[in-house]
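The structure appears below as structure tokens.
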């Protein structure tokens, strides 16, 4: 086999293993979904996939430095926190409203078998997403040099984001436990309708800083690394995040949420409008 092809196989062997892991985890989640008619498993599986794949890349690289430590701690801490947050909210007998809507919509268009097939495709898509967004960890660990002050800035950004998303989730949970109904407009939720999504996106902005030397060395993967915050913003803003969430909130909260939409920014925090 030519040396070029051997190098390609060696380079991408670990990412291929990572993709297989993501597919297996999401396949297991889909089986649980089919058994319990609850698609909430997909969110837990997604966060676990990112954490597991990041750890796999670090172990495979063998690099022990400040950057590698950040790349181990950040995804593991971030997505294990998210997994725990989702698990504590999980109720096998109550499916999230977003997935209830999808299930009912698909049931109107076909049999239960077709519904399960569509959910299978959805779970597979989530596996590919987890793999794609985790791939930047692999790219960063491939660089031979780092810039310490940029690593420090990235770490500060990750810590700030982690604190922000933790507080956001806690504020929303406290509001829901109060049982007053309506729309949460306390704390960060006064300045953004989705502060948890904002801090999720903000943490992804740290990784291009950790991979600075990919750009400094004119590596073509730098552009891929630089695009990750844009991809995450696109998915949160237009595809898997805000649209589903807003539709569900309008269905469940009605005019109260429509008023909230008029006075509060959707994503980036800002002063409430009159």
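The values are calculated or read from the model by the stated rules, or taken from the named source; none is laboratory data. Keep in mind that what you see is a predicted model, and the values were worked out from it rather than measured. Please note: Cβ atoms are built from the backbone with ideal geometry, for glycine as well, and neighbour counts cover all protein chains shown.
A compact table of results
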item: Yes/no for residue 155 being in a helix (DSSP H, G or I), modelled with pLDDT under 90 and not assigned by TED's automatic domain parsing to the domain that holds residue 272; result: no
item: Residue 11 surrounded by fewer than 21 Cβ atoms within 10 Å (Cβ to Cβ) and modelled with pLDDT under 65; result: yes
item: In the stretch 240-271, the residues that are surrounded by fewer than 13 Cβ atoms within 10 Å (Cβ to Cβ) and closer than 21 Å to residue 201 by Cβ; result: 268, 270, 271
item: Pairs, first under 11 Å from residue 133 (Cα atoms) and not assigned by TED's automatic domain parsing to the domain that holds residue 129 in the stretch 223-240, second modelled with pLDDT of 90 or more and not in a helix (DSSP H, G or I), C-beta under 8 Å, six or more apart; result: 229/205
item: Hits in the stretch 91-118 - residues which are out of contact with any helix residue (DSSP H, G or I) (no Cβ under 6 Å at 6 or more places or on another chain) and surrounded by 16 or more Cβ atoms within 10 Å (Cβ to Cβ); result: 95, 96, 99, 100, 102, 103
item: Yes/no for residue 176 being in a helix (DSSP H, G or I), in the same structural domain as residue 250 (by TED's automatic domain parsing) and exposed (fewer than 15 other Cβ atoms within 10 Å of the Cβ); result: yes
item: Any chance residue 166 is in a helix (DSSP H, G or I) and within 30 Å of residue 32 (Cβ to Cβ); result: yes
item: Filter result for the condition that a residue is within 24 Å of residue 79 (Cβ to Cβ) and surrounded by fewer than 18 Cβ atoms within 10 Å (Cβ to Cβ), over 189, 223, 237, 204; result: 237
item: Options 54, 45, 22, 29; residue that is buried (at least 22 other Cβ atoms within 10 Å of the Cβ) and at pLDDT below 90; result: 54
item: Residue check for residue 206: more than 16 Å from residue 168 (Cβ to Cβ), in the same structural domain as residue 163 (by TED's automatic domain parsing), touching a residue at least 40 places away in the same chain (Cβ under 8 Å) and over 24 Å from the mean Cα position of the chain (by Cα); result: no
item: Which listed residue is modelled with pLDDT of 70 or more and farther than 26 Å from residue 247 by Cα, from 72, 77, 82; result: 77
item: Entirely in the stretch 190-274, the helices (runs of 4 or more DSSP H) that have 1 or more residues that are at pLDDT below 90; result: 195-204, 207-210, 212-216, 221-234, 242-253
